[in-house]
Amino acid sequence: MQYIDVIIDNKSIYTDTRYTYSAPDEVTVGSRLTVPFAGRKKPVDAYCVETGVTPGFELSKVKEISDVDEERSINAEMIETAMWMRKRYGVKYIDAIKMFGIEGKREKKTAASDDKAPSPAAYELTDEQKQAAKRICDAIESGKSAAFLIKGVTNSGKTEVYMKATEEALRLGKTAIILLPEIALASQVADRFRERFGNHLIATLHSRLKKSERLSEWLRIRRGEARIVIGARTSVFAPLDNIGVIVIDEEHESTYKSDHNPKYDTVDVAFKRASLAGACLVLGSATPSVVSYYRAKMGTYELIEMNKRIGSSLMPRLEITDMRVERRDGNQSVLSRELAASIDKTLSRKEQVILFLNRRGYSTQILCPDCGYRMTCPDCGITLTYHKRENAAVCHYCGRKFPVTDNCPDCGSKFIKYVGAGTEKVEEETRALWPNAGIARFDIDTASSGDDAGKVIADFQSGNTDILVGTQILAKGLDFKNVGLVGIINADVSLNIPDYRSPERTFQLITQVAGRAGRDGGESRVIIQTYDPDSDIIREAATGDYEEFYESELLHRSIMNYPPYSDIISVVFNSDSTELSASYAEIFRKRLLSLKDAPEGASILRVRQEETRTDGRARAGFIIKAPQGSRAGYVAEYMAFRDRLIEQKAPVFIEIDVNPYGTV
């Protein structure tokens, strides 16, 4: 027998600590257990996080575990990563551990499928691909952890390099994780991997799987039957042993940052897992995040550049259209005259068109011109978007829907206006102008399920759709062969988002959406519509000058002390009243300001309050700009303050988010 520490599978913050039990010697770190707990009639689930423990109390009080579930146990590397997540993000033990675990009782049985591998001759690499693959495969073979950033233009063949790295990992008896920013894109890439490696080696993990399907895939991975895991961000927690390579494609995408508990960054978690497993981390993007490119420049990542498109594919020609001139000349359409004429020409050549607008819905605002009233969500404070098909005002943050009225709720005016355009309006106008064309819309509203998204993609790839209208999902690596024209509508929309990343996001969106054009040879065109044609960001995106964008953005961030020169930590309190939340927030803020060993250059912004939500909860909080190397100290202070609130049974809840996406 031995003594072990376990974490109880319980949501309560009051059980977020280690408990000591006795257990058979075969129990190891990661073992999933059932244990007697707190006088409950039935044993509860738990995970072993440490063995060889010396109890700090009388041995007679140590209880023995009830059972071990070997099939659903995880390994020591996963537990160590979970313990690291707790320190890095301030999350609960069990919230981190359960990212690696699995729930569900019934496993879905699937029939075996025939695997037909294509001829290797079909995959001849370019010189750039060969050089990139060699550097990565050599690192995998060495068995030492390494991290690479592939900065490759759109359609430079990064996926083929990922496949070569995966092939090398399998040859060495290792496993691979391939991460994509969207489930729809993960499904498309998974099909390519199945074609290459066979269906039996591939497992997919994502949030749209049913519990039985997820359990089936998880068990296949844990048993070692599936050695390649492909999916969205949660696949970084795939329960693989002996990892050889972790790939994060389109690493710049915000979807890799979790915005609900546990709030983690996929790139950070992947880097940690790779370092513990002696694996190779490969990040890929045509527009790397400023932080990742900075890390490559500083030597944390090895930089690989791929500057040429594969085959006959040519980079598109990008042009800027000034929409101010269009309005002055009387054009009230969402499409400029040049874009409309180009659509006519493109369709006549039997080529396809993509129209991109990073705003879904019909109108982006509902307001009263008489009194200035603007419809907002009472829970989130976010401006509501009008959806014509549902005849409802929708909050794009929490999803709540509200009826729309003909009169202003504040002053009674009958002149309510619907302002701005979303993809629904673009689709309607496009259908009116080209009634004989096949037109589809691709956003969250039309592709809410994997099947819906797959059908939209398949219809466009097969040529059944001539014009595809969509949001940022179109910018996430989808491979279309016959796109002759991309129209970017209101390119400056994302520049107005109150987030320090908005210039970076704008550059990335324009570049990535433009990259969908010209992939099958021949000339292609991208028209960028904007009300701010003199913007440096839009100009740099139009010329494809990433280096100029990066240098100017890095200078701005150094002046403003934004990442990569700091970590941004959002601290939020919520309670039954605004005054109570704000009071506790100010107490914690003053505590941080009074720290004797506070890092030089740190800044803590003033407490911000929000209106009480319809659920009765009120929020208040502040932002910390923590200089490089000081994040851990602030997270530790948060956890200590949180524990004190728990001990005092304070009527307030506190949480943090490290480097959040959104309003900062």
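Derivation of every value follows stated rules applied to the coordinates shown; laboratory data play no part. In this text the structure is predicted, and so the values were computed from the model without any measurement. In this analysis, Cβ positions are derived from the backbone assuming ideal geometry, glycine residues included, and neighbour counts consider all displayed protein chains.
Figures for the structure shown
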{"read-out": "Size of region 544-660 as Cα extents on the principal axes (Å, biggest first)", "value": "52, 37, 18"}
{"read-out": "Nitroxide proxy distance, nm - points 7 Å out along Cα→Cβ at ASP329 and LYS130", "value": "5.0"}
{"read-out": "Highest average packing first - 318-324, 35-41, 97-103, Cβ atoms within 10 Å", "value": "97-103, 318-324, 35-41"}
{"read-out": "Region 264-280 and region 510-529: distance between their alpha carbon centers, rounded to Å", "value": "34"}
{"read-out": "Separation in nanometres of the label points that stand 7 Å from Cα toward Cβ, at ALA650 and CYS371", "value": "3.9"}
{"read-out": "In degrees, nearest ten, helix 158-171 long axis to first principal axis of the chain (Cα)", "value": "30"}
{"read-out": "Semi-axes of the equivalent ellipsoid for region 125-306, Cα gyration tensor, largest first, Å", "value": "23, 19, 16"}
{"read-out": "Estimated D of region 260-392 in µm² per second, where Rh is the Kirkwood radius over Cα pairs and Stokes-Einstein applies at 10 °C, 1.306 mPa s", "value": "76"}
{"read-out": "Under 20 Å from LYS63, Cα to Cα: lysines that are on another chain or at least 8 residues apart", "value": "LYS41, LYS42"}
{"read-out": "The chain - percent relative contact order, Cα under 8 Å, separation 6 or more", "value": "12"}
{"read-out": "Theoretical ellipticity at 222 nm over the chain - DSSP helices of four or more residues, -39500 (n - 2.57) apiece, nearest 500", "value": "-10000 deg cm²/dmol"}
{"read-out": "Rough spin-label spacing in nm, given labels placed 7 Å along Cα→Cβ, for ALA392 and ASP191", "value": "3.1"}
{"read-out": "Angle between the chain longest axis and helix 423-433 axis [Cα atoms, degrees, rounded to 10]", "value": "30"}
{"read-out": "Nonlocal amide H pairs with ALA232, under 5 Å, H built at 1.01 Å", "value": "LEU180, LEU205"}
{"read-out": "Average silhouette area of the chain, convex hull of alpha-carbon atoms, in square nanometres", "value": "32.7"}
{"read-out": "Radius, Kirkwood style, for region 445-598 when every pair of distinct Cα atoms is counted (Å)", "value": "19.1"}
{"read-out": "For region 1-74: rounded, prolate or oblate by the Cα gyration tensor [a/c cutoff 1.5]", "value": "rounded"}
{"read-out": "Sorted by Cβ density within 10 Å, fewest first, the residues ARG606, ARG208", "value": "ARG606, ARG208"}
{"read-out": "Sequence-distant residues sharing a close amide H with CYS280 (under 5 Å, placed H)", "value": "ALA146, VAL245, ILE246"}
{"read-out": "Residue-by-residue Karplus 3J(HN,Hα) for region 549-559, coefficients 6.51, -1.76, 1.60, Hz, glycine and proline x", "value": "4, 4, 5, 5, 5, 5, 4, 4, 5, 5, 5"}
{"read-out": "Cα shape, region 512-589, gyration tensor, a/c 1.5 rule", "value": "prolate"}
{"read-out": "Principal axis dimensions, largest first and in whole angstrom, of region 303-365 by Cα", "value": "45, 33, 24"}
{"read-out": "Spin-label proximity, LYS297 to region 481-519 - amide N less than 20 Å from point 7 Å beyond Cα toward beta carbon", "value": "500-509, 511"}
{"read-out": "Length-normalised contact order of region 421-510 in % [C-alpha pairs under 8 Å, at least 6 apart]", "value": "24"}
{"read-out": "Tilt relative to the chain, helix 502-514 - C-alpha long axis, 0 to 90 degrees, to 10", "value": "60"}
{"read-out": "Selected from LEU303, ILE382, ILE366, residue furthest toward positive end of dipole (region 281-397; charges at beta carbon)", "value": "LEU303"}
{"read-out": "Environment charge of GLU80, counting only residues whose C-beta is closer than 10 Å and scoring Lys/Arg +1, Asp/Glu -1", "value": "+1"}
{"read-out": "³J(HN,Hα) computed for each position of region 354-366 - Karplus, 6.51 cos²θ - 1.76 cosθ + 1.60, integer Hz, glycine/proline x", "value": "10, 10, 10, 9, 7, 8, 8, x, 9, 10, 7, 8, 10"}
{"read-out": "Computed lengthening from ARG349 to GLU50, 0.36 nm per intervening residue step minus Cα-Cα distance", "value": "101.0 nm"}
{"read-out": "Listed peptides 167-174, 231-238, 42-49, 419-426 by packing density, highest first (mean Cβ within 10 Å)", "value": "231-238, 419-426, 42-49, 167-174"}
{"read-out": "Paramagnetic label zone (point 7 Å from Cα along Cα-to-C-beta, GLU551; backbone N under 16 Å) in region 279-301", "value": "294, 297"}
{"read-out": "Listed residue pairs exceeding 26 Å between alpha carbons, taken from LYS263/LYS476; LYS272/LYS481; LYS164/LYS455; LYS257/LYS417", "value": "LYS272/LYS481; LYS164/LYS455; LYS257/LYS417"}
